[in-house]
Amino acid sequence: MSAAKKPRPERRTPAKAADAPVKPDRIQVRNLGPIRTADVTFGDLTVLVGPQATGKSIFLQLLRLACDKASIHRELGRFGLDWGTSTGDFLNLYFGDGMAGIWTAKSALTVDGRSMPLPELAKRAKGRRATVDAGEKMFFVPAQRVMSFRDGQTRPFTDYRAGDPYSLREFSEQVHTLVQGELVGEGALFPQAKRLKEVYRNAIAENIFGSFGLQTETSRLQKRIVLSDGSGTSLPYLVWSAGQREFVPLLLGLYWLMPSSKTSRRKWIQWAVIEEPEMGLHPHAISVFLALVLELLSRGYRVVIATHSPHVLDVIWGLQFLKAHGGAPKDVVEMLGLPAEQPVLLVAKAALGKSYRVYYFERSSDVRDISSLDPGAADPREAGWGGLAEFSGRVGDIVARVARRSQAGTEP
């Protein structure tokens, strides 16, 4: 295990770059890995759905590269990783080993109408432009976030192999710096009065941690995170539930995005991307997470989620219905199972003014815009919400058919 490092200063974008309009608004992709074609226009909250290995993660990492090319180059160089002029080596460093072949002569990437091929994104910026463009605009929570802990200890960037995906390594580094630096002296990691509204803290305690809180203990000169019931009993990382192990790094990522009640956001960060937030979580806990997503939207972040959870799309469909039919903030709060307290009602009011987009990634086909989430749509992929509601609908149809047959006394 690497020794704890002195926390590095936070990386700020120069004022002009930080105040620039949030970009990109639209990304078009052709023949990239498993993606045949994709044309995605982002809302305030954009959700990607579809089976495994259809390109959702590749697409999100492309979005990050388009936003943060210079910052990514700088971080790789800071840790001694050199790809020279080789596009393939850069793709292996950034996407992970074995990914050099996703870009071919038939591939294309367009960002806000501008052609931006991956070989161009692999080239290092030089001189003054490299300095001006080096500020991060995106915070990325990867699907592999559970790997950012080892036996309850956070892992720095250098604790991984060179061919491990950049987004995992950088998220792990940011969480490591947060726990070993920014959170020092703040007592318990959860609950914390300075971080998250009380209504969220109560819901997280009820649905994820129960009677336990989150504490740090010092082991071999480095902090490790444990669950504690306040009576001296500690539960080490390996006896946590799967949902707790998945949620804790996600919680720390939310801490990073929402520093305190006085500092609502990291001003230079424009995007929050979260992959598969539902892993290991009960539907009630997923509702709590989605309430926190609405909190991120109310603080000015643009959010993108990749998910396999029908619960997420249920909430998006509900929000769009409420927007179209005069729903009130208290309806949003009730939908999420939270008490109708004023701070949350303000977040819910903001949510009714946001835009929502949903895209379905299908193997060996084009990415489809299913943002209307119309259950009566002619396209079964939209009516079944990208397959997430399809199974329950099929079960309902079969049960209804058997019930009718039983009442009529007919044979199958």
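Does any residue in the stretch 276-300 that is under 27 Å from Thr263 (Cβ atoms) and part of a helix (DSSP H, G or I) come within less than 8 Å, Cβ to Cβ, of a residue that is of a type in the set (Lys, Arg) and at pLDDT 95 or above six or more places away or on a different chain, and which pairs are these?
Between residues of the stretch 276-300 that are under 27 Å from Thr263 (Cβ atoms) and part of a helix (DSSP H, G or I) and residues that are of a type in the set (Lys, Arg) and at pLDDT 95 or above, the close pairs are Leu297/Lys354.
Looking at the stretch 61-96 only, could you name the residues that are closer than 18 Å to Pro34 by Cα and in contact with a Pro (Cβ under 9 Å, 6 or more places away or on another chain)?
If the condition is that a residue be closer than 18 Å to Pro34 by Cα and in contact with a Pro (Cβ under 9 Å, 6 or more places away or on another chain), then Gln61, Leu63, Tyr94, Phe95, Gly96 are the ones that fit.
Is it true that some residue in the stretch 285-297 is of a type in the set (Ser, Thr, Tyr) and either in contact with a Lys or Arg (Cβ under 8 Å, 6 or more places away or on another chain) or more than 21 Å from Val146 (Cα to Cα) (or both)?
Taking every residue of the stretch 285-297 in turn, none turns out to be of a type in the set (Ser, Thr, Tyr) and either in contact with a Lys or Arg (Cβ under 8 Å, 6 or more places away or on another chain) or more than 21 Å from Val146 (Cα to Cα) (or both).
If I filter the stretch 284-327 down to residues being polar (S, T, N, Q) and more than 16 Å from Lys197 (Cα to Cα), which single residue comes out as nearest to the chain's Cα centre (by Cα)?
Here the answer is Thr307.
Would the stretch 135-153 turn up any residue that is over 29 Å from Ile225 (Cα atoms), in contact (Cβ under 8 Å) with a residue 12 or more places away in the chain and in the same structural domain as Gly253 (by TED's automatic domain parsing)?
Yes, the stretch 135-153 contains a residue that is over 29 Å from Ile225 (Cα atoms), in contact (Cβ under 8 Å) with a residue 12 or more places away in the chain and in the same structural domain as Gly253 (by TED's automatic domain parsing).
Could you please let me know if Leu48 is in a helix (DSSP H, G or I), among the hydrophobic types (A, V, I, L, M, F, W, C) and either farther than 25 Å from Gly384 by Cα or modelled with pLDDT of 95 or more (or both)?
Considered against the rule, which asks whether it is in a helix (DSSP H, G or I), among the hydrophobic types (A, V, I, L, M, F, W, C) and either farther than 25 Å from Gly384 by Cα or modelled with pLDDT of 95 or more (or both), Leu48 comes out as no.
Could you list, ordered by first residue, the pairs with Cβ atoms under 8 Å in which the first is in the stretch 34-46 and farther than 25 Å from Leu294 by Cα and the second is among the hydroxyl-bearing types (Ser, Thr, Tyr), at least 6 apart or interchain?
Once the first residue is farther than 25 Å from Leu294 by Cα and sits in the stretch 34-46, its partners that are among the hydroxyl-bearing types (Ser, Thr, Tyr) give Pro34/Thr54; Pro34/Ser364; Ile35/Thr54; Arg36/Ser364; Arg36/Ser365; Ala38/Tyr359.
Look at the stretch 199-224 and say how many of its residues are touching a Ser or Thr at 6+ places or on another chain (Cβ under 6 Å) and either at pLDDT 95 or above or under 22 Å from Pro277 (Cα atoms) (or both).
1
If we scan the stretch 191-200, do we find a residue that is crowded, with 21+ Cβ neighbours inside 10 Å, out of contact with any Asp or Glu (no Cβ under 9 Å at 6 or more places or on another chain) and in contact (Cβ under 8 Å) with a residue 60 or more places away in the chain?
So far as the stretch 191-200 goes, no, none of its residues is crowded, with 21+ Cβ neighbours inside 10 Å, out of contact with any Asp or Glu (no Cβ under 9 Å at 6 or more places or on another chain) and in contact (Cβ under 8 Å) with a residue 60 or more places away in the chain.
Scan the stretch 219-260 for residues that are within 16 Å of Tyr301 (Cα to Cα) and either surrounded by fewer than 17 Cβ atoms within 10 Å (Cβ to Cβ) or not assigned by TED's automatic domain parsing to the domain that holds Asp25 (or both) and jot them down.
Selection gives Pro259, Ser260.
Tell me, please, whether a residue that is under 17 Å from Ser107 (Cβ atoms), out of contact with any helix residue (DSSP H, G or I) (no Cβ under 9 Å at 6 or more places or on another chain), in a helix (DSSP H, G or I) and hydrophobic (A, V, I, L, M, F, W, C) can be found in the stretch 51-61.
Within the stretch 51-61, one or more residues are under 17 Å from Ser107 (Cβ atoms), out of contact with any helix residue (DSSP H, G or I) (no Cβ under 9 Å at 6 or more places or on another chain), in a helix (DSSP H, G or I) and hydrophobic (A, V, I, L, M, F, W, C).
Within the stretch 193-249, can you find the residues that are part of a loop (DSSP other than H, G, I, E, B) and among the aliphatic types (A, V, I, L, M)?
Ala193, Leu196, Leu221
The values are calculated or read from the model by the stated rules, or taken from the named source; none is laboratory data. Computed from a predicted structure; not experimentally measured. Using ideal geometry, Cβ is built from the backbone for each residue, glycine included, and neighbour counts are taken over all protein chains shown.
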